[in-house]
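The structure under discussion appears below in the form of structure tokens.
The values are calculated or read from the model by the stated rules, or taken from the named source; none is laboratory data. Predicted model, so just to flag it, every value in this text is computed and none were measured. Because the Cβ atoms are built from the backbone with ideal geometry, glycine has one as well, and the counts that use them run over all protein chains shown. Protein only, heavy atoms only, side chains kept; ligands, DNA and RNA dropped before computing areas. Shrake-Rupley method; radii C 1.70, N 1.55, O 1.52, S 1.80 Å.
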Amino acid sequence: GGGTFGKDLLDDVIPFVEQKFRTHKDADNRAIGGLSVGGGQTVAIGFANPDKFHNIVVMSAGGQNVEENYPGFFKDAAATNKKLKLLWIGCGRQDFAFERNKKLSDLLASRGILNTFRETEGLHNFAIWRRYLAEVAPMLFQKSGREISQ
């Protein structure tokens with residue numbers, strides 16, 4: 001999941017941060033998120049490693065062949081839902097990636113995997129991503145559970 005970048009993140013960056021800084025080292029206290037190409041990396045790394053990330057935020061990215069690429073994520077929806085605290089997908093209607101994001105959310109829902117799909121007016125740009133970050137950041141690391149709407 002995530003190719004060389006994913007390997008570097010998991011094998012080098014996270015251990016370095018956990019060694020050098022006072023952090024919680026469990027998946028409930030770890031999030032992965034990204035926008036555009038970074039959102040694609042988020043899908044790849046997050047879906048391949050649900051034991052490492054219980055909070056996943058995807059903005060303007062979607063995913064291709066996710067069932068084939070991440071069969072473990074889809075194998076047992078109840079188990080996946082139990083692990084994930086938040087799976088949040090956001091995209092503007094005028095974004096060229098809108099259909100991919102909507103299809104990803106719909107696929108997840110059709111397979112029983114809970115997710116929030118946030119659809120607003122907006123393009124593929126920082127104006128919408130700033131708004132989404134302000135909306136989703138307070139949802140991360142909440143003890144009360146996930147925010148889900150379909």
> At VAL37 and PHE5, where each label point lies 7 Å from the Cα along Cα→Cβ, what is the point-to-point distance in nanometres?
Replying inline: 0.7 nm
>> Run the reach check for LYS20 against aspartates and glutamates, Cα to Cα strictly under 13 Å, same-chain hits fewer than 8 apart removed. What comes back?
In response: ASP12
> Of the trypsin sites (Lys or Arg not before Pro) in the stretch 1-79, which ones lie in a loop per DSSP and count no more than 14 other C-beta atoms within 10 Å?
Replying inline: ARG22, LYS25
> Of all the stretches in the chain, which is the longest one without any exposed loop site, taking chymotrypsin sites (Phe, Trp or Tyr not before Pro) in a DSSP loop (any state but H, G, I, E, B) with at most 12 other Cβ atoms within 10 Å?
Replying inline: 22-95
>> Over the chain, with the other protein chains present, what is the accessible area per residue in square angstrom, probe 1.4 angstrom?
In response: 55 Å²
>> Placing one identical point scatterer on every Cα of the stretch 27-90 and ignoring solvent, what is log10 I(q)/I(0) from the Debye formula at q = 0.14, 0.25, 0.28 Å⁻¹?
In response: -0.33, -1.07, -1.28
> Points 7 angstrom from Cα along the Cβ direction at LEU107 and ASP12: gap in nanometres?
Replying inline: 3.0 nm
>> Which GluC sites (Glu not before Pro) in the stretch 43-128 sit in a loop by DSSP (not H, G, I, E or B) and have at most 15 other Cβ atoms within 10 Å of their own Cβ?
In response: GLU121
>> Could you tell me the relative contact order of the chain? Use alpha-carbon pairs under 8 Å, at least six residues apart, and round to a whole percent.
In response: 20 percent
> Say the dipole of the chain comes from +1 at the beta carbon of Lys and Arg and -1 at that of Asp and Glu; which of PHE21, ASN81, GLY6 then lies farthest toward its positive end?
Replying inline: PHE21
> Is the stretch 94-143 rounded, prolate or oblate when judged by the Cα gyration tensor, a ≥ b ≥ c being the square roots of its eigenvalues, rounded requiring a/c under 1.5 and prolate requiring a/b larger than b/c?
Replying inline: oblate
> Which shape class applies to the chain: rounded if a/c is under 1.5, otherwise prolate when a/b exceeds b/c and oblate if not, where a ≥ b ≥ c are the square roots of the Cα gyration tensor eigenvalues?
Replying inline: rounded
